[in-house]
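Taking it in order: structure first as structure tokens, then the write-up.
Just so it is clear, none of the values below were taken in a lab; they were calculated from the coordinates. The structure displayed is predicted, hence computed values, not measured ones. Cβ coordinates were reconstructed from backbone atoms using ideal geometry, including for glycine residues, and neighbour counts include every protein chain displayed.
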Amino acid sequence: MTEHPVYILEREFSAPRDLVWRTWTEPDLLAQWYGPGVETIIHELDVKPGGRWLNEMKMGENSGYQKSVYTEVSPPERLVMLMSTTDASWELAANPRMPDWPATLLTVVTFEEAGGVTTMRLEWSPHEATAAEIACFAGAVESLGQGWGAGMEMLAKVLAEMQAAA
Amino acid sequence: MVMNISIATDPAPNLNAVFAALADPTRREILSRLADGEASVNDIAAPFAMSQPAISKHLKVLEKAGLVTRAVERQKRPARLNAKPMQDAAAWLETFRDFWLGSFDQLDSLLADLKPEEGTKT
């Protein structure tokens with residue numbers, strides 16, 4: 001098991017970096033893109049070290065809550081925050097279905113621009129996590145996300161065989 | 001974090017054990033081996049520089065997580081892969097990824113809308 005499993009997503013946007021930066025740091029813009037198929041309500045957005053992003057995601061009757069605390073803000077290049085799932089009063093809350101998923105994920109967002117295209121990269125790793133949380137995250141990321149490329153192929157193959165046999 | 005949005009659809013009750021089991025490279029190798037068909041502890045241990053008891057221990061972890069079942073009625077107790085928990089685990093991570101990729105799609109459209117307002121920028 002790796003000490004610090006990391007999950008990475010990267011995406012290019014044909015927009016200048018300054019503009020992409022604004023979509024993370026201005027509440028009216030952030031609310032427009034963050035959270036697909038949900039209504040995003042930003043209760044607080046204070047983008048500075050120690051500042052908070054309090055986010056509610058409404059899906060009909062239900063809401064999910066997240067709190068992020070910024071630890072590094074370097075416009076327009078790098079944004080580092082501690083993201084946690086919380087209850088409605090912004091207290092950390094474990095997911096009942098997945099208690100060992102890390103309560104807090106260190107999230108590093110970097111923005112690089114070349115020729116009018118901005119590459120946005122997100123990296124998640126468990127923050128101050130228990131051994132169980134690290135194992136859970138490592139299992140998810142290394143086996144199914146990255147690292148064990150054969151895992152998903154193997155799974156697809158076995159499932160296909162199971163369906164053929166059924 | 002964002003995973004709480006998937007509570008309603010997440011089908012898996014015991015994913016913690018599945019992820020913990022998958023976190024170990026030896027156990028992943030064993031699963032890969034079993035994907036080709038059932039095998040005895042002997043067969044499984046052969047390619048590893050590892051004792052049979054050590055392999056048995058890994059098998060127990062996989063069994064507990066529901067990833068492997070072992071025949072009780074046959075003498076060699078061959079192990080076979082049960083892929084369902086892996087599928088559930090993959091669905092969990094996919095929810096996480098889909099949340100972000102879906103958000104990125106929305107961000108892409110938002111940026112396209114914003115750019116003309118930026119005026120002279122090239």
Phi to ³J(HN,Hα) by Karplus 6.51 cos²θ - 1.76 cosθ + 1.60 over the stretch A:123-131, Hz, x for Gly, Pro
10, 10, 8, x, 10, 6, 8, 6, 4
Centroid-to-centroid separation of the stretch A:76-105 and the stretch B:73-103 [C-alpha atoms, Å]:
23
Inside 10 Å of the C-beta atoms of B:31-37, what's the mean count of C-beta atoms belonging to other chains?
4
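Per-residue mean of other chain beta-carbon atoms within 10 angstrom of the beta-carbon, peptide A:57-70? Please report the intermediate quantities before stating the final value.
Numbers: counts 4, 0, 2, 0, 0, 4, 2, 7, 1, 4, 1, 1, 0, 0.
Mean partner shielding for this stretch: 2.
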Along the Cα→Cβ direction, 7 angstrom out, place labels at A:R11 and B:Q75. What is the inter-label distance in nm?
5.9
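Sort the stretch A:21-108 into rounded, prolate or oblate with this rule: let a ≥ b ≥ c be the square roots of the eigenvalues of the Cα gyration tensor; rounded if a/c is under 1.5, and if a/c is not under 1.5, prolate when a/b is larger than b/c, oblate otherwise.
Values: a/c = 2.03, a/b = 1.27, b/c = 1.60.
Because a/c hits 1.5 or more and a/b fails to exceed b/c, the stretch A:21-108 counts as oblate.
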PRE reach from B:A112 (point 7 Å along Cα→Cβ): which of the stretch A:97-132 fall under 17 Å by backbone N?
A:117-118
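Taking only Cα atoms of the stretch B:33-120, what ratio of Rg to Rh do you get with Rh as the Kirkwood inverse-distance radius? The partial results should precede the final answer.
Working: Rg = 23.1 Å, Rh = 16.5 Å.
That ratio is 1.40, to two decimals.
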Would you calculate the separation in nanometres between label points at B:D105 and B:K84, each defined as 7 Å from the Cα along the Cα-to-beta-carbon direction?
3.0
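Remind me, relative contact order of the stretch B:39-101 in percent, using alpha carbon pairs under 8 angstrom and six or more residues apart?
Details: 46 pairs, mean separation 17.3, N = 63.
Computed over the stretch B:39-101, the figure is 28 percent.
I'd like the mean, over residues of B:73-86, of how many other protein chain beta carbons sit within 10 Å of each residue's own Cβ. Could you put the intermediate results ahead of the total?
Details: counts 0, 0, 0, 0, 0, 0, 0, 0, 5, 2, 9, 3, 0, 8.
The mean count of partner-chain Cβ atoms within 10 Å per residue comes to 2.
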How do B:46-59, A:47-60 rank on mean C-beta neighbours within 10 Å, highest first?
A:47-60, B:46-59
